[in-house]
Amino acid sequence: MNRKYLLFEARRWLGFVIVYFALLSAVVLLFASVSYVSVYGTVQPSNVDGTTINSIAIAFSVIMAMLTFSYRYDRKSSDYYLSIGEKRDRLFIARYLVSLVYLIVPYVIVSLLFYLVLYCRGAVLDYGLGFLSILFGIVIIAASYLVSCFPFSRGKTYFEGFFYFFVMMAILQLGLLPLSFFVGALVKSDAFMEVCLKAVEYAPSLALGPALFSELFANDIAKAAVTDTLLKALGESDAFLAVFSTYVATYAVLPIAATVYVYLAREPSGEKMGRPSKGPSFERYSYHFLMGTAAFILGCFCYFFVYLSILLFVVYCVVYYAVASLYARTFKVSLWDLYGYAFSLVAMASGIVLAAIAAV
Amino acid sequence: MIVEAKSISKRLGETRAIDGLSFVLTDGIVGLVGKNGAGKSTLLRCLAGVYQLDAGELLCDGVPIGLSRPAEGTFFLPDDPYCPKGLSLKGLYRFLSCHYALDYSAIRDMAMEFGLPTDKPISSFSKGMKRQAYLAAALSVDSRLLLLDEAFDGLDPLALEKIKSRIVERFVGKDRLVIIASHNIVSLERLSDTFLLIDKGRLSDKGASEEIAHGLTKIQAVFSVPVSESDIESLGIDVIGFRSQGAMAEFLTHDESSIDKLKGRFAPPYIEKVPLTSTEIIAHAMAEGEKHE
């Protein structure tokens, strides 16, 4: 890909990134300053900051996905970009990566800034857990961005279909590896819980895992209740095997989903690449199927972070509605859309249940 | 440069936009003409790699053109070109230079020639000025295959002539090919050396305007008394597009002996074959195509 073009793309979204960075920094610094000293004697950030920051990152990843692939919804820009002599796959990758870098880099910078503020305020930081926290944050942003890119890019080439599949695999792998590590290495489930508690204590609640646990363990009653539940779920089984079996379940379903999606949504002619249209029924069907698949993946993912699933599902519904409106060029919700929502809900629930069954 | 289409077809929804089209084009300036909805824009989009063909093959110098594989050195200027919001002519140059090799002096010279401001946003230009700006940009691209879709719409006659001479200067005799799609044949007058006539996605005719004329001649005559179309037809002459004003008449015909027949019957004081314009030839060819349907 042309370096000049990448730089041009990078410059185009600079304003967006500045707003994103500024908002993230403002929220982080605000919550860093309202953190408190916990009963363990360490500085504990506010309970709500993780969710808020993740919500901002997720919302911006959705907007970024829309902006990145908006050219495909406009005849003028699709005429231009599809005729520039650059291979479509390269064009797709270039835009995808530039946007992803723009989402992740500010997040990492702000996370480090947050650690710095905590350190200056006398917090005892565990660098390993800090790394874990940032990694979780990156995973949630990357996953949210990928899931948003699914519908907005209207990926209709085999390349894009399989790209989504493999990247989702990689993201899940990246997100679950630390868990596997803790569960596998410590073997004992109560030790796992200890690690979780430590993570909550030291990590700055910026990312997925710590954000969840900081809410869960805000008070001792909730902590005890959740600890009991999780210990029951994990305590009597081989925890490493449980996580591993979730992989297997996900890996078994996703290739089938990806293959069916690519088959249904393939675009041998290419003419609908840049055209907003109502399209033939198979196209609409594949679109709902696609959203359902995304919901299923979210469901699998949410099993580990049940509380966050509520937030993710709200974001998912907003994205779904935005996509449906953009697609049909109306804000009215049709009966067909309602079927789609229902299908997605079932898919997401199936994901959660399947992951739970596989784990137990 | 050789662009070859081998029985190409393209459907857009339920419509067969291109239906088994075959042609070979060599370097020069080709006028792609046809009625609205004939398939001109679709053909250009296929050549530009925006659409993939349903059937057939498009080759550029023997190399297949397709989705993700536009011909090397192609520049496509659609009827409604894309320009990122707020870009000036300078900005457009920078934007295009991300993807194409451009000659900045060419775009600057043309901007000066047309009196286009290089720092103001293109969105603030009038329709004609926008068109001039896009054409200036298109002509500054170092392309071997230039595809222009209804590119002359909205240009004033002076600007049109300037653009035409720029195109000739840059593309003729340099192993380059320009394909200009237009439903306005007058704008292609004295520019295109070859015409490709398409109708409902099929090739209706191809060649230089003289070849497309198929022996069509234009007769101008001044008679002693007013003569009607039926008077001329009564001599067995096929009359096309008869126009008269008093004793003066003008019409097109395929009859090579029409002058002799008219002289024998009406002894007009003045009668002569006059050269046909490309517009007349192509308009006639299109009308003929309609008749056959």
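In segment B:161-184, how many residues are outside any loop (DSSP other than H, G, I, E, B) and more than 23 Å from residue B:198 (Cβ to Cβ)?
So the answer is 8.
Could you check segment B:81-96 and list, in sequence order, the residues that are open to solvent by 20 Å² or more (accessible area, probe 1.4 Å), over 30 Å from residue B:10 (Cα atoms) and within 9 Å of chain A (Cβ to nearest Cβ)?
B:94, the sole residue that qualifies.
Please go through segment A:1-35 and pick out each residue that is modelled with pLDDT under 80, surrounded by fewer than 12 Cβ atoms within 10 Å (Cβ to Cβ) and either more than 30 Å from residue B:91 (Cα to Cα) or more than 11 Å from chain B (Cβ to nearest Cβ) (or both).
Once the filter is applied, which keeps residues that are modelled with pLDDT under 80, surrounded by fewer than 12 Cβ atoms within 10 Å (Cβ to Cβ) and either more than 30 Å from residue B:91 (Cα to Cα) or more than 11 Å from chain B (Cβ to nearest Cβ) (or both), segment A:1-35 yields A:33, A:34.
If you scan segment B:9-24, which residues turn out to be within 11 Å of chain A (Cβ to nearest Cβ) and acidic (Asp, Glu)?
B:14
So, in segment A:61-78, of the ones that are open to solvent by less than 10 Å² (accessible area, probe 1.4 Å) and within 14 Å of residue A:150 (Cα to Cα), which residue ends up modelled with the lowest pLDDT?
The residue in question is A:72.
How many residues are touching a strand residue (DSSP E or B) at 6+ places or on another chain (Cβ under 7 Å) and either more than 29 Å from residue B:195 (Cα to Cα) or not hydrophobic (A, V, I, L, M, F, W, C) (or both) if we restrict to segment B:260-274?
8
Quick grid of which residues meet (1) touching a Cys at 6+ places or on another chain (Cβ under 8 Å); (2) among the aromatic types (Phe, Trp, Tyr); (3) buried (at least 20 other Cβ atoms within 10 Å of the Cβ); (4) part of a loop (DSSP other than H, G, I, E, B):
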residue	(1), (2), (3), (4)
B:187	no, no, yes, no
B:190	no, no, no, yes
B:196	no, no, yes, no
B:203	no, no, no, no
B:212	no, no, yes, no
B:215	no, no, no, yes
B:221	no, no, yes, no
B:224	no, no, no, yes
B:232	no, no, yes, no
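So which residues in segment B:125-147 are more than 23 Å from residue B:3 (Cβ to Cβ) and charged (D, E, K, R)?
Residues satisfying the conditions are B:127, B:130, B:131.
Among what's in segment B:61-80 and is at pLDDT 80 or above and buried (at least 22 other Cβ atoms within 10 Å of the Cβ), pick the residue that is farthest from residue A:78 (Cα to Cα).
Only one residue fits best here, namely B:65.
Residue A:39: more than 25 Å from the chain's Cα centre (by Cα), surrounded by 13 or more Cβ atoms within 10 Å (Cβ to Cβ) and at pLDDT below 65, yes or no?
No; evaluated as a whole, the condition is false for this residue.
What are the residues in segment A:79-107 that are within 12 Å of another protein chain (Cβ to nearest Cβ) and either open to solvent by 10 Å² or more (accessible area, probe 1.4 Å) or of a type in the set (A, V, I, L, M, F, W, C) (or both), if any?
Listed by number, the residues that qualify are A:80, A:82, A:84, A:85, A:86, A:87, A:89, A:90, A:91, A:92, A:94.
Out of all the residues in segment B:155-177, is one or more within 20 Å of the chain's Cα centre (by Cα), open to solvent by 20 Å² or more (accessible area, probe 1.4 Å) and β-branched (Val, Ile, Thr)?
yes
The values are calculated or read from the model by the stated rules, or taken from the named source; none is laboratory data. What you see is a predicted model, and the numbers here were worked out from it, not measured in a lab. Cβ atoms come from the backbone with ideal geometry, glycine included; neighbour counts cover every protein chain shown. Keep in mind that these areas ignore ligands, DNA and RNA; they rest on the heavy atoms of the full protein, side chains included. Shrake-Rupley method; radii C 1.70, N 1.55, O 1.52, S 1.80 Å.
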